[in-house]
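For reference, the structure discussed in these notes is given below.
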Amino acid sequence: MTEAELVAELEQVGARGGLEDARVVIVGAGPAGLTAAFALAGRGAAVTVLEKDVRPGGIARTEAYKGYLFDIGGHRFFTKEPEVNRLWQQWLGPEFLRRPRQSRIFYAGRFFHYPLRAFNALFGLGLWQSVQILASYVHARLRPSPVEDTFEQWVSNRFGRRLYEIFFKTYTEKVWGIPCSEIRAEWAAQRIKGLSLPSAIRNAILPPRGEVIKTLIEAFDYPRRGPGQMWERVVTLVREAGQRVDFETDVVRLCHRDGRVTEVVSRTSAGDTAWPATHVISSMPLQELILKLEPAPPAPIVAAARRLAYRDFVTVVLILVRETLFTDNWIYVHSAGVRVGRIQNF
């Protein structure tokens, strides 16, 4: 939902139809929840943000340890939407820094630049491997799989089986923990949007022209003190607008009637609090949301929610007393011999 659609929906609330009648409870102080709170705070709605963690940002937050800062995930800031970029610049101004992108792939004991560079890829893979990749691509274009239900089929049809096995399969299965044959093709289309073997080769040989493909960008923006700095700033702006953002506050029930949530119940060390609501915006995991509805949904829906599985990850932070480590922003580890997906240099 865009900001305009959200505001249009909220303006239908109440007998007088104005945003001053809206009481919006937002579950989660991550990027989605805080952006919604900021958009509504200046338009007259009463906004309450409830976050069970001690700091904002969700999985785009920045943690602190003995004066060192480290991020949860490698969230670079790049958008093709002028409105989004305007918001980022408005929030952080000179604290929002442009950074050159340098990342590499570690595969078969060698490093490969990503985005690809022609001679680096050719010499790293070897002439025979490169010929096999091109032959596999040509075969896929001439005789594609007639069935395209899975990530494996979708990628193989567009990049060739050989490049799928080298570039996509191992890393994707490390990140998501399930075989590529069990990941739907729709997910692949969303994650690899705009990228193809011809576009990757063109980018490796020629200067980029026309529309930029997100995965091939050469530079991105980044808050000076990590992505958490941005969401801490938005919390300040929402509070300055007279709205409420509470941390260490767990949502335990969402009470609904006639197809709408009417009240959100939160819990802190001081006890439970009920928040009447005309609208609720939730970014909590879908499984938790369904299981916290009161009255409970029908049994088949509850059973389906309990079957939902989520992929967790472990971040190991190494603090090394050195001026420089390596020049990459991050290194993708495609080699199957280690259970590491990415090494990031904060």
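On the given criteria, is Arg267 in a strand (DSSP E or B) and not hydrophobic (A, V, I, L, M, F, W, C)? Answer is yes for this residue. The set of residues from the stretch 47-62 being touching a helix residue (DSSP H, G or I) at 6+ places or on another chain (Cβ under 8 Å) and within 25 Å of Asp272 (Cβ to Cβ) comprises Val47, Val49, Glu51, Arg55, Pro56, Gly58. Scanning the stretch 315-331 for any residue that is crowded, with 16+ Cβ neighbours inside 10 Å, at pLDDT 95 or above and part of a strand (DSSP E or B) turns up nothing. Could you say whether any residue in the stretch 93-109 is touching a strand residue (DSSP E or B) at 6+ places or on another chain (Cβ under 9 Å), under 22 Å from Arg239 (Cα atoms) and surrounded by 14 or more Cβ atoms within 10 Å (Cβ to Cβ)? Yes, because at least one residue in the stretch 93-109 is touching a strand residue (DSSP E or B) at 6+ places or on another chain (Cβ under 9 Å), under 22 Å from Arg239 (Cα atoms) and surrounded by 14 or more Cβ atoms within 10 Å (Cβ to Cβ). If you filter the stretch 53-91 down to residues that are among the acidic types (Asp, Glu) and in a loop (DSSP other than H, G, I, E, B), you find that the one that is nearest to Arg244 (Cα to Cα) is Asp53.
The residues of the stretch 287-314 that are within 27 Å of Pro31 (Cβ to Cβ) and exposed (fewer than 10 other Cβ atoms within 10 Å of the Cβ), listed by number, are Ala309, Tyr310, Arg311, Asp312, Val314. Of the numbered criteria (1) within 16 Å of Glu51 (Cβ to Cβ); (2) surrounded by fewer than 17 Cβ atoms within 10 Å (Cβ to Cβ), the one Met284 fails is (2). The residue of the stretch 287-300 that is farthest from Thr48 (Cα to Cα), among those that are over 28 Å from the mean Cα position of the chain (by Cα) and touching a residue at least 12 places away in the same chain (Cβ under 8 Å), is Pro295. Those helices (runs of 4 or more DSSP H) of the stretch 172-258 in which at least 1 residues are farther than 27 Å from Leu289 by Cβ, more than 23 Å from the chain's Cα centre (by Cα) and at pLDDT 95 or above, considering only elements entirely within it, cover 227-240. Looking across the stretch 20-78, the residues that are more than 17 Å from the chain's Cα centre (by Cα) and of a type in the set (Asp, Glu) come down to Glu20, Asp21, Glu51, Asp53, Glu63. Restricting the first member to the stretch 125-149 and to residues that are assigned by TED's automatic domain parsing to the domain that holds Ala189 and at pLDDT 85 or above, and the second to residues that are among the aromatic types (Phe, Trp, Tyr) and assigned to a helix (DSSP H, G or I), the beta-carbon pairs closer than 6 Å and six or more apart or on different chains are Glu148/Trp154.
The values are calculated or read from the model by the stated rules, or taken from the named source; none is laboratory data. Only a predicted model underlies this, so the values are computations on that prediction, with no experimental measurement involved. For neighbour counting, all protein chains shown are included, and Cβ atoms are generated from backbone atoms with ideal geometry for every residue, glycine included.
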